[in-house]
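A short worksheet on the structure shown next.
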Amino acid sequence: MPKRYHLLLSILVLSGLISACQSPSDDTPTLESDIERVIQQTLDNMVFVEGGSFIMGDFGKLERNSDGSQFLAHWSSDKDDDFLHRVTLDSFSINKYEVTWEEFDTFSRATNRPIFKEGKRFHRPNIPAYM
């Protein structure tokens, strides 16, 4: 093993031993304090969306008739789309930010679930969680 790895390993072992000898401070976050923080953070970042109606679906492709007039032809290779239709939603609130891994991990610990994708390259506290 190169010297730099021995040095790094020594530092990690030493810091682990030192921290193990220290008594826990009152500033050490607990699961309960993490839950409270995530709940408050989520509530602070909620935005209200007024309910209403809108048109949703495949607008189609603009085509021309033989007389030159234009019309929208429904064309799609996607079988899950639909012709234009009205959608009505009630008012709701939604978080203005994506859920981070830190928030999702707090949820997982609070509900006794395993930490999803733990140890993966992009599983970092402030990166949005993905499935």
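Read-outs throughout are calculated quantities, based only on the coordinates presented, and are distinct from any laboratory measurement. Note that the coordinates shown come from a computational prediction; the quantities given were computed from them, not determined experimentally. Glycine gets a Cβ as well: all are built from the backbone with ideal geometry, and neighbour counts include every protein chain shown.
Side notes on the structure shown:
- Between Asp58 and Asp82, Phe83, Leu84, the built amide H atoms are under 5 Å apart, and every one of these is 5 or more places off in sequence or on another chain.
- Treating r as the C-beta distance of Ser69 and Leu89 and R0 as 30 Å, the FRET efficiency rounds to 0.30.
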